[in-house]
Amino acid sequence: MAGDDGRFVWYELITTDKERAKAFYSMVLGWGTQDVSMPSAAYSLFTLGDTSVSGLMKLPTDADKIGAKPRWIGYVGVKDVDATAVLINQLGGAMHVPPTNFDNFSRFAVAVDPQTATFGLISWLRPIRLLQAELNIAGRVAWHELLAADREKALAFYSSLFGWQKKEARVGPRGTYQLFSAGQESIGGMVTKPRTVSTPSWIYYFNVADIDTAVKRVKNGGGQVLEGPIEVPGGNWILQCLDPQGALFALVGKRRYKAIVRLAPAASRDPAVLVSACTNE
């Protein structure tokens with residue numbers, strides 16, 4: 001069931017402080033913001049020009065009380081959210097938010113795969129102009145990476161669910177990095193997480209024009225650099241970061257200067273495995 005070819009089409013930040021998140025990502029990624037009037041929730045959009053990049057909403061109070069943390073969620077486009085939710089259960093995943101209409105905007109659901117990594121499903125109830133993931137354009141998503149408990153089993157699950165295809169694998173000092181594609185386009189990679197990383201999770205990489213400038217902006221905005229800059233194939237450099245509310249995200253960009261600066265991982269968190277993300281293929 002590939003749906004709308006099984007691509008990530010929407011990204012959403014769930015946070016405890018919307019106003020601070022707006023200021024942080026506007027500084028780091030150059031995004032604008034737009035509040036959307038909806039009866040069911042206070043929802044905002046991050047924008048580039050007049051085009052939506054991602055959504056922003058406050059972590060619900062009941063979710064906060066049970067320990068839910070700020071996070072980015074990537075939504076995969078499907079034609080039928082309800083039927084895909086049934087398939088997720090059949091394949092060993094589970095639903096955290098069952099298929100639901102978000103006003104007249106979308107029908108969505110939030111699920112976990114069999115290894116408990118969170119992702120979303122979405123279909124649009126009205127036309128919306130979106131920016132597709134693309135490398136080297138500042139402010140847009142470049143790459144999707146899964147830190148899995150078992151990368152082979154994870155790929156089998158998502159292949160059955162969305163029709164993702166196995167591409168080449170690359171072996172590095174931290175293990176095998178498995179690329180995958182939607183259609184003919186490589187859109188991400190999967191790697192078995194080290195034992196020191198407790199929870200399987202998706203990480204979304206956003207483009208920046210200059211990776212060293214991004215380091216300064218993240219830190220000046222109250223965020224934290226967990227690891228990087230690290231060079232990856234194609235002449236790009238990557239960072240993994242936490243925003244001021246603790247949501248994990250990543251950045252990818254070029255380096256204007258040849259001097260190599262490596263930042264030690266934060267003591268509070270073991271860095272995720274990154275072997276060869278964000279390739280130019």
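The values are calculated or read from the model by the stated rules, or taken from the named source; none is laboratory data. All values derive from a computational prediction rather than experimental measurement. Methodologically, a virtual Cβ is constructed for each residue, glycine included, from the backbone with ideal geometry; neighbour enumeration extends over all protein chains shown.
Can you find even one residue in segment 64-78 that is modelled with pLDDT under 95, in a helix (DSSP H, G or I) and not assigned by TED's automatic domain parsing to the domain that holds Pro244? Yes, segment 64-78 contains a residue that is modelled with pLDDT under 95, in a helix (DSSP H, G or I) and not assigned by TED's automatic domain parsing to the domain that holds Pro244.
In the condition set (1) at pLDDT 90 or above; (2) surrounded by 21 or more Cβ atoms within 10 Å (Cβ to Cβ), Pro98 is compliant with all but (2). Is segment 6-23 home to any residue that is touching a helix residue (DSSP H, G or I) at 6+ places or on another chain (Cβ under 8 Å), surrounded by 21 or more Cβ atoms within 10 Å (Cβ to Cβ), more than 15 Å from Gly246 (Cα to Cα) and at pLDDT below 95? For segment 6-23, residues touching a helix residue (DSSP H, G or I) at 6+ places or on another chain (Cβ under 8 Å), surrounded by 21 or more Cβ atoms within 10 Å (Cβ to Cβ), more than 15 Å from Gly246 (Cα to Cα) and at pLDDT below 95: present. Give segment 206-255 a look and list any residue that's surrounded by fewer than 22 Cβ atoms within 10 Å (Cβ to Cβ) and among the charged types (D, E, K, R), or say none. Residues satisfying the conditions are Asp210, Asp212, Lys216, Arg217, Lys219, Glu227, Glu231, Lys254, Arg255. As for segment 153-170, it holds at least one residue that is surrounded by fewer than 15 Cβ atoms within 10 Å (Cβ to Cβ), in contact with a helix residue (DSSP H, G or I) (Cβ under 7 Å, 6 or more places away or on another chain) and under 25 Å from Glu231 (Cα atoms). Got at least one residue in segment 126-134 being at pLDDT 85 or above, over 21 Å from Trp164 (Cβ atoms) and not β-branched (Val, Ile, Thr)? Checking segment 126-134: not a single residue is at pLDDT 85 or above, over 21 Å from Trp164 (Cβ atoms) and not β-branched (Val, Ile, Thr).
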